[in-house]
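Report on one structure; see the data block that follows.
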Amino acid sequence: MGEYKLLLRHSGDPSYATLDGYQRQGGYDGLRKALAMDRQQVIDEVKTSGLRGRGGAGFPAWIKWNGLPKEKTKPHYIICNADEGEPGTFKDKQLMETCPFLVVEGMTIAAYATQADVGYIYIRGEFVDAARSMRRAIDEAYRAGLLGRNILGSGMNFDLHIHTGAGSYECGEESALMSSLMGERGMPRLKFPHAPLPTISGLWDSPTLINNVETYACAPFILANGGAWYASIGASTKNSRGTKIFSVSGHVNKPGNYEVEFGTPLMELLEMAGGMKGGELKACVPGGSSVPILNAEACQKAIIGYEEMMEVGSMVGSGGCMFLNEHTSIVDFIWRTSIFYKDESCGKCTPCREGTRWMFLILDRIRSGQGRMEDLQLLEDVCRQIDGRSFCGLGDAAAWPVAGALKVFRHEFEEFIRSGRSLAARA
Amino acid sequence: MSQSSDTPTLRFSPKAVAELESLKTHYPNLKACILPALWIAQREYGGHLPPEAIAEVAFRLKRSPAEVQGVATFYSMYNTEHKPGRHMIEVCTCLTCHVCGASNIVAYLEKKLGIKMGETTPDGMFTLHGVECLNACDRAPLIQVGDEYHGPMDEAKIDALLERLRNEPESKVVALADAIVQVHLKEEEREKARQAAASVQS
Ligand SMILES: Cc1cc2nc3c(=O)[nH]c(=O)nc-3n(C[C@H](O)[C@H](O)[C@H](O)COP(=O)(O)O)c2cc1C
Ligand code: SF4
Ligand code: FES
């Protein structure tokens, strides 16, 4: 338990971003092993590893890998979701900047397993440094015969392109990302069961695999050391295996990315980040802006694991962990959260487009000192109207933090309304 | 020589044309080139996308200007509305930056430049702009200028940054667009574009 550097082990060594340096540390052992296996064996290793998607939802990776047709009748595509836009998260950025070959190798392994011909890394437009680092790695991999035609003499062909976003949080949602990659506005598409899964019909109606940067970065280790070895990490948890990178920010002494074994207590993560700055711990948003906020008491109990975090009322999410000290006004914090979702709602469906606006308006009224007690009930009603009724996950993601804060910090909202200002501000 | 009435005025440089030709090979159809082509256009048109830039992208990709305009306006990094100043200062005011003092950074920049968020200085040098999480919250409060992130910011660092930017003749808005175009291109594709640029100069 505690810190476990697997993905980030060599992230401090600049040569790890070069092919030589990467291979010195065992880079491409995973792909070599994969190419010697048949495709199904590779997928089975991923199944044994227990790897779950690191983009937020924690969906078992192998199910997607296994979901593309085995009989190929069309081109197959794979996408790396490098749009990292969840407030509080900056792990994919660091992975791409310091360990780009983990992503390239991981995607190549996935391409082999799924018979993909072409891959795209969709990187958000602002991440120029990360994109440059990926570009250098891809160019080097082509030069060394690790991308392109007949990779390592295996007969496998795989082309890898970079495609950048242009400023839109919604494009991190996988179907909106595909719209964007196909040259459209970044709006989500109809989902299963109303439409086929992307593994059957995704990019240009072809079978498509999409995973997060960190998910792909795990694949080289799983193939090099075996799925069973990977599954032994984090085995104390119900159903979370391996390591997870947490981006720790807020009122801590040493903000940054910390990689931990699943099963680590949340408070240990805080310790790694140098402890609290400027005051006692008041609250924590452990998995990115979309997940419900925890109070200090829940933080003491929280164990890092997909199911374990739910037991204390929150989620692992994307691992954007913000610690807040006692001087933080929760009303103000949630008000700022509501601005984000209002601005990033793509406007396609009514519950989210209207609901996020109303949440903001009500929170803005409360924050300005004009709030009424009934506003809290009203906010909860709006949350209920959005959650589960929106076209894509952004609506749910907008409702959860507000609903969560109303549950855990209700007294603070009430006090704010009564006095017209926050507890923290008076302290 | 007169062009047919549906041909817009074309301003892409030979380098830009070569870049676009390479990009077309990355996708199965021309429509998918719209986003990267808009980045090329934003660079070629000096940091923004006036209607002529939209028309040129549409023409080169055989799409309608209305479609390309519709796509461009969805994304916040394409400057479709007005031309920003030479350098755009993007201040993150999102969650972590908010709790780590972004409002002080905004106030200081507004005072120092004599403009409000969303405005451009009268000399056309700086545009101030608020943005959502730039996903480098470990460096909060954070500022982005073109292809550079700066943080954690304080008043002294802002002073030094503005001083440097004033003496920077290249527009950071254009630099960002160019950097994004370059990451799309493979080594040999960048070389092809260089040769296309060199062939007109000689
Ligand atoms: C509004 C919204 C934004 C999202 N943003 C991201 C993102 O920036 N990066 C990411 O990997 N996944 C993001 N996701 C999750 C993706 O839809 C998808 O689940 C993920 O790419 C799957 O990869 P994984 O299985 O490896 O986690 C987002 C989802 C929603 C609803
Ligand atoms: S929930 Fe609806 S409005 Fe909100 S981002 Fe998704 S599709 Fe767009
Ligand atoms: S909140 Fe400013 S970079 Fe994330």
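The values are calculated or read from the model by the stated rules, or taken from the named source; none is laboratory data. Because the structure is predicted, anything quoted here is derived from the model rather than measured. Note that each Cβ is placed from the backbone with ideal geometry, even for glycine, and that neighbours are counted across all protein chains shown.
None of B:P28, B:P8 is under 22 Å from B:T80 (Cβ atoms) and not in a helix (DSSP H, G or I) except B:P8. The set of residues in the range A:147-162 being part of a loop (DSSP other than H, G, I, E, B) and either under 26 Å from B:A32 (Cα atoms) or in contact with a helix residue (DSSP H, G or I) (Cβ under 6 Å, 6 or more places away or on another chain) (or both) consists of A:L147, A:R149, A:S154, A:M156, A:N157. For the range A:15-28, the condition of being surrounded by 20 or more Cβ atoms within 10 Å (Cβ to Cβ), modelled with pLDDT of 95 or more and part of a loop (DSSP other than H, G, I, E, B) holds for at least one residue.
Return the residues of the range A:182-198 that are small (G, A, S) and buried (at least 19 other Cβ atoms within 10 Å of the Cβ); say none if nothing qualifies. Break it down stepwise before answering.
Just the residues of the range A:182-198 that are small (G, A, S), to begin with: A:183, A:186, A:195.
A:G183, A:G186, listed by residue number.
What is the residue count in the range B:120-163 for residues that are β-branched (V, I, T) and either surrounded by fewer than 18 Cβ atoms within 10 Å (Cβ to Cβ) or within 16 Å of ligand 2 (Cβ to nearest atom) (or both)? I'd like the intermediate steps shown before the answer.
At the first step, the residues of the range B:120-163 found to be β-branched (V, I, T) are B:120-121, B:127, B:131, B:143, B:145, B:158.
Cutting the leftovers down to either surrounded by fewer than 18 Cβ atoms within 10 Å (Cβ to Cβ) or within 16 Å of ligand 2 (Cβ to nearest atom) (or both) gives us B:121.
The qualifying residues number 1.
Can we say B:I105 is over 18 Å from the mean Cα position of the chain (by Cα) and either within 14 Å of chain A (Cβ to nearest Cβ) or surrounded by fewer than 19 Cβ atoms within 10 Å (Cβ to Cβ) (or both)? When the stated conditions are applied, B:I105 does not pass them. Considering the range B:76-183, the qualifying helices (runs of 4 or more DSSP H), each wholly inside and each with 1 or more residues that are more than 16 Å from ligand 3 (Cβ to nearest atom), run over B:102-113, B:155-166.
The requirement of being in contact (Cβ under 8 Å) with a residue 24 or more places away in the chain, more than 21 Å from A:G388 (Cα to Cα) and either outside any helix (DSSP H, G or I) or within 16 Å of ligand 3 (Cβ to nearest atom) (or both) is not satisfied by A:C346.
Note on the range A:276-315: residues that are farther than 17 Å from B:V99 by Cα and assigned to a strand (DSSP E or B) amount to 1.
Considering each of A:E326, A:E374, A:E354 in turn, give the residue that is surrounded by fewer than 21 Cβ atoms within 10 Å (Cβ to Cβ) and within 30 Å of A:N253 (Cα to Cα). Reasoning before the result, please.
Details: A:E374 fails: within 30 Å of A:N253 (Cα to Cα); A:E354 fails: within 30 Å of A:N253 (Cα to Cα).
Every option except A:E326 fails the conditions.
This table checks each residue for (1) part of a helix (DSSP H, G or I); (2) without any contact (Cβ under 8 Å) to a residue 12 or more places away in the chain; (3) β-branched (V, I, T).
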residue	(1), (2), (3)
A:G58	no, no, no
A:I63	yes, yes, yes
A:A110	yes, no, no
A:G125	no, no, no
A:A131	yes, no, no
A:E140	yes, no, no
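The one condition from (1) more than 16 Å from ligand 2 (Cβ to nearest atom); (2) more than 8 Å from chain B (Cβ to nearest Cβ); (3) of a type outside the set (S, T, Y) that A:A131 does not meet is (2). With the structure loaded, tell me whether A:L223 is more than 14 Å from chain B (Cβ to nearest Cβ), over 21 Å from the mean Cα position of the chain (by Cα) and crowded, with 21+ Cβ neighbours inside 10 Å or whether it fails that test. So A:L223 passes the test.
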